[in-house]
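Asks: Pasting a structure below so you can have a look.
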Amino acid sequence: MDSQSTLNKYGVIGAGSFGIAIANLLAENGEVLLYTRTEEQTNEINKTHRSKDYALNERIRATNDFKEIAEECFLIFPIVPSDSFVEMLEEFAPYLKPSHILIHGTKGLYTPKKISKEVELKKNEVFTMSELIKIKTGVVRIGCLAGPNLASELSENQPAATVIASEFNEVIELGQKALRSSRFQVYGSNELLGVELAGVLKNYVAIASGMLTGLGYGENARALLITRGMAELIYVAKALGASEKAFLGLAGIGDLIATCNSPKSRNYSVGLMLAEGKKLDEIVASIGEVAEGIKTLQIVRALQKYGYKAPLAEILYKIVFEDLPIKKGIDFLMRFTIEKDADYIV
């Protein structure tokens, strides 16, 4: 692979709504190869330049061949659900080289263990997507995308911004060059773990925010939830080895605000439907998959032996998995006593 000849050809793995949104942004600055799982979907995209309800830039070409993407693209953006991430990497790994750069856009955590009420997790049993890339492939230069990036708004060409985090400045710079446009700003951060955890952990706070709406609470209560939710996420992240820095920026509070206030957020919608009396199985059937916030909630609870303060995670777990009445649980959280504001900053 000649990195110079492929510098303006970008790969995207995953043709979901966010993958398509990122592919369209990349196509403003170069050619894009978009990986889809089936030949049928590949042919349909290449014929119509559409995928479901989304129009695709003419500079995007679909393929269902991992080898083709690895050979033609130097900079690749994996954007698939966390449950499919390991399988994707195992299929892709034989074609990847240390010269590739991977910047993923998957907001999730992975554990090989089956989660149940009785299970306790150790830190080394939970992996970010960046850690999975290191374990499963020979790629060294890794980054992640995180921020308030609702796919539907990106596809409507609305202005937005994201953060690319990496231990390597080169990854940040190349990612910025590939994605930045007049409508999409791209910030950089070397806080890879913090940015990645910020993008993941906020999902269960968004579930609680949807519940507030379903129960008829107002914006004062939502502001309280978001503020104390961010404090809880910082405690969890510190216990897992990250600092609070990433949580105070676009990938942290910025993403948290967007996700907790938008009916377009899958996690917010799950909370809203739970408050309306629907069961989790029914919700999963209606949206086609479990929201990342549900899985993250289970993992955060299973890691609590590390001593962080996570009352929101504990109450949400009881609501979702132990039939605690939603109003009783949310009322408890609204009355939960905190003596000191911004207590996560020492």
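Rule-based calculations on the coordinates, nothing more; no lab input. Please read these numbers as outputs of a predicted model, since none were measured by experiment. Every residue, glycine among them, receives a Cβ derived from its backbone with ideal geometry; neighbour counts consider all protein chains shown.
Asks: Against the longest principal axis of the chain, how steep is helix 219-239, in degrees 0 to 90 to the nearest 10, with axes from Cα atoms?
Replies: Helix 219-239 sits at roughly 70 degrees to that axis.
Asks: Which order results if Ser84, Ser182 are arranged by neighbouring Cβ count within 10 Å, fewest first?
Replies: Working: Ser84 16, Ser182 7.
Placing the least packed residue first, the sequence is Ser182, Ser84.
Asks: Of Gly307, Gly252, Gly16, which is the most mobile in a GNM of the chain whose springs link Cα atoms less than 10 angstrom apart?
Replies: Evaluated over the chain, the most mobile residue of the options is Gly307.
Asks: With springs only between Cα atoms under 10 Å apart, run a GNM on the chain and tell me which of Arg228, Arg141, Arg183 wobbles the most.
Replies: Comparing Arg228, Arg141, Arg183 in the GNM, the peak value goes to Arg183.
Asks: Which length gain, in nm to one decimal place, applies between Glu153 and Phe336 when the Cα-Cα distance is subtracted from 0.36 nm times their residue separation?
Replies: Working: separation 183, 0.36 × 183 = 65.88 nm, distance 3.49 nm.
Computed gain between Glu153 and Phe336 is 62.4 nm.
Asks: How far is it, in nm, from the label point at Gln176 to the one at Ile287 when both lie 7 Å from their Cα along the line to the Cβ?
Replies: According to this spin-label approximation, the distance is 3.4 nm.
Asks: Mind checking the angle between helix 17-26 and the chain's longest principal axis? C-alpha axes, 0 to 90 degrees, to the nearest 10.
Replies: The angle comes out near 50 degrees.
Asks: May I pose another question? Suppose a student asked you for the relative contact order of the chain, using Cα pairs under 8 Å spaced at least 6 residues apart; what percent would you report?
Replies: Numbers: 634 pairs, mean separation 49.8, N = 346.
RCO, the chain: 14 percent.
Asks: Give the total of Lys-Lys pairs in region 73-160 with Cα-Cα distances below 25 Å; include a pair only if its members are 8 or more places apart or on different chains.
Replies: 20
Asks: If you don't mind, there's one more thing I want to ask. What is the Cα radius of gyration of region 194-335 over 2.2 N^0.38 Å, N being its residue count? It would help to have the intermediate numbers written out before the result.
Replies: On the way: Rg = 13.8 Å, N = 142, 2.2 N^0.38 = 14.5 Å.
Taking the Cα Rg and dividing by 2.2 N^0.38 Å, one obtains 0.95.
Asks: Per the Kirkwood formula on distinct C-alpha pairs, the Rh of the chain is how many angstrom?
Replies: Working: mean 1/r = 0.0487 Å⁻¹.
The answer is 20.5 Å.
Asks: I would also like to ask the following. How long is the gain from Lys52 to Ser243 if the chain were fully straight, where each residue apart is worth 0.36 nm and the alpha carbon distance is subtracted?
Replies: Numbers: separation 191, 0.36 × 191 = 68.76 nm, distance 3.96 nm.
Once the chain is fully extended between Lys52 and Ser243, it gains 64.8 nm.
Asks: Quick check on the chain: of the DSSP beta bridges with both residues there, what percent are antiparallel, nearest 5%?
Replies: Working: 9 of 34 bridges.
The answer is about 25 percent antiparallel.
Asks: Another question, then. Cα centroids of region 276-326 and region 9-76: how far apart, whole angstrom?
Replies: So the two Cα centres are separated by 33 Å.
Asks: How far apart, in nm, are two points set 7 Å out from the Cα along the Cα-to-Cβ line at Ser116 and at Asn8?
Replies: 5.7
Asks: Relative contact order for region 77-155: what is it in percent, counting Cα pairs under 8 Å that are at least 6 residues apart? Kindly include the intermediate steps, with their values, before the conclusion.
Replies: Working: 97 pairs, mean separation 31.4, N = 79.
Once normalised by length, the contact order is 40 percent.
Asks: Oh, and also: Output the relative contact order of region 9-190, whole-number percent, from Cα pairs under 8 angstrom with separation of 6+ residues.
Replies: Values: 347 pairs, mean separation 36.0, N = 182.
Normalised by residue count, the contact order of region 9-190 is 20 percent.
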